[in-house]
1. Give Pro20, Pro47 a once-over and let me know the one that is at pLDDT below 95 and over 23 Å from Asn80 (Cβ atoms).
2. Tell me, which helices (runs of 4 or more DSSP H) lie completely within segment 237-346 with 1 or more residues that are of a type in the set (Asp, Glu) and at negative phi?
3. Taking Ala236 and the conditions (1) over 14 Å from Ser435 (Cα atoms); (2) at pLDDT 95 or above, which numbered condition does it fall short on, given that it satisfies the others?
4. Consider His249 against the criteria (1) without any contact (Cβ under 8 Å) to a residue 60 or more places away in the chain; (2) under 30 Å from Ser346 (Cβ atoms); (3) open to solvent by 10 Å² or more (accessible area, probe 1.4 Å); (4) of a type outside the set (Asp, Glu): it satisfies all of them except one. Which criterion is unmet?
5. Out of segment 385-411, which residues are open to solvent by 60 Å² or more (accessible area, probe 1.4 Å) and outside any helix (DSSP H, G or I)?
6. Checking Arg322 against (1) buried (at least 19 other Cβ atoms within 10 Å of the Cβ); (2) among the charged types (D, E, K, R); (3) in contact (Cβ under 8 Å) with a residue 40 or more places away in the chain; (4) touching a strand residue (DSSP E or B) at 6+ places or on another chain (Cβ under 7 Å): exactly one of these is not met. Which one?
7. Can you name every residue in segment 119-142 that is among the charged types (D, E, K, R) and more than 16 Å from Arg71 (Cβ to Cβ)?
8. Please determine, by comparing only the residues of segment 463-507 that are within 25 Å of Gly254 (Cα to Cα) and touching a Gly at 6+ places or on another chain (Cβ under 6 Å), which one is least open to solvent (accessible area, probe 1.4 Å).
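The values are calculated or read from the model by the stated rules, or taken from the named source; none is laboratory data. The structure presented is a predicted model; accordingly, all values stated were derived computationally and were not measured. Glycine also receives a Cβ, built like all others from the backbone with ideal geometry; neighbour counts cover every protein chain displayed. These area figures cover heavy atoms from the full protein model, side chains too; ligands, DNA and RNA do not enter into them. Shrake-Rupley method; radii C 1.70, N 1.55, O 1.52, S 1.80 Å.
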Amino acid sequence: MTMTRDTESLRSESLQRVLPARADALPLHGVAASRLIERSAQAGLPPHTLMARAGFAVARLALAIAPHSRRVWVAAGPGNNGGDGLEAALWLHRAGKQVEVTLLGDPERLPPDAAAAFNSAREAGVAISAGLTDSRRPDLSIDALLGLGTSRAPEGEIARAIRQMSVEAGVVLAVDLPSGLHSETGQPLGAEAVKAHHTLSLLTLKPGLFTGEGRDHAGIVWLDRLRVERGETPDALLAGAPIVSLRRHAQHKGSFGDALVVGGAPGMTGAVWLAARAALQAGAGRVYVDPLASHDLALPPADMAELMPRPGMSRDRGALQRCTVICGCGGGTAVEAVLPEVLQHSLRLVLDADALNAVAMNIQLREALADRGAKGHSTVLTPHPLEAARLLGCDTAQVQRDRLQAARRLSEQFEATVVLKGSGSIVATPGMPASINPTGNALLATAGTGDVLAGWTGGLWTQQSPCSEAAAASQAHDVAVSSVWLHGRAADLAADSGRRVPLHASVLMEAMAAALGS
């Protein structure tokens, strides 16, 4: 890049690719927190500094991801997001690229920083037009149409620009977030939303880039903090890799706790054995199974001889208090009969699948679940969106419209850790920032993978030392975050190796074990 301005003051040392497998959790900030960080930074800097840094960062990343591109189209909107695009266009023009800017806004009504960027680009000879054409075939397109606070569906020329970008744009780089995508929920605001190959998030990472449909629209996510120290409490965290504890030589199976898996009604016995095997694979010292099918179906499959069938164990108060209980996998309607005892006496409980459906339909069970928190008993709920909708008394579309809010509502309602499964699974616990999981893909979209997640969560939990009531919520949250991360990481590694068919549940747990420490 040919530099004709003082680039020392604009350098983007903080540019980083947001990798799902990184070790640290990253803060996520919604609209209000991001605006506060921006205003605070601007108050201590000369005018136009942040936009100049943002434009430089966009141009720098553009040259890195599409170094051989010659024709660059910048679609700029009427706000400061458009100003970032104009500033980037100036840098790319000076780097020798053939840059065309489509400004979909009145130059006379641009915000001050964006107006300054417009004037600088025009004076430097950047081609700026006011309307769309049909002949554009760029090698690289920069989406600078709509910014952070957009809450309405794109309309008119902006909607048309988004459609054009979807069919003839070459490599697409979105500035801050893809236009038409809600920054906090990850859901498209209307029929039109940019699907980018790369997104450069500026100042802060936005939750919507990582959950709902956000991951499909954002592509590879990058972050540049523009040399600004963040100062606001995050709205959520992007989960990092779990820390794996090494086992000491003197430890034995009794050191790692017991798990009890309850489920497997007639016709659904596979689910309970999958969950039990996953609990054992996760490291539980001993795994007992109370299959709810008739006793002649109670024996484990031949390759699961380590698992110990104990019909009726879910009615043993002492066993419920001693074990980490995983209840509901393939439970059918039979699970409702054992839930009162399980809810009352289990000190650590993972509720999945049919157990969640039973709670949703039975007011006494709902009250018993809510009472667990008051008693200091810890619970992890693992609903998919439909199960979450049943528990909340709404429909699936409402859950998916704001997944973060739905998970938080469930966690508060039942005083429990909630894992809302799906793209960008969310882990929410009362009094703690929610975590969004960055790993996983559609190779997990097959029967039984949820049973594996529930079982692994319980198996990992058994190994945690008993702790005070005050620390128990944090412990349950961390166990859930670790399990969800590893569950998705196994699928990511499978996809990286070239696998294109679903990762079947019996294979998944082996892949999770192999992914530890990867």
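1. Numbers: Pro47 fails: over 23 Å from Asn80 (Cβ atoms).
After ruling out the rest, the residue left standing is Pro20.
2. Details: elements: 269-282, 317-322, 335-345.
Qualifying helices (runs of 4 or more DSSP H): 335-345.
3. Going through (1) over 14 Å from Ser435 (Cα atoms); (2) at pLDDT 95 or above one by one, Ala236 breaks only (1).
4. All conditions pass for His249, except number (2).
5. Hits for segment 385-411 are Gly393, Asp395.
6. (1)
7. First pass over segment 119-142, keeping only residues among the charged types (D, E, K, R): 122-123, 134, 136-137, 139.
Scanning segment 119-142 gives Arg122, Glu123.
8. The extreme case among them is Gln463.
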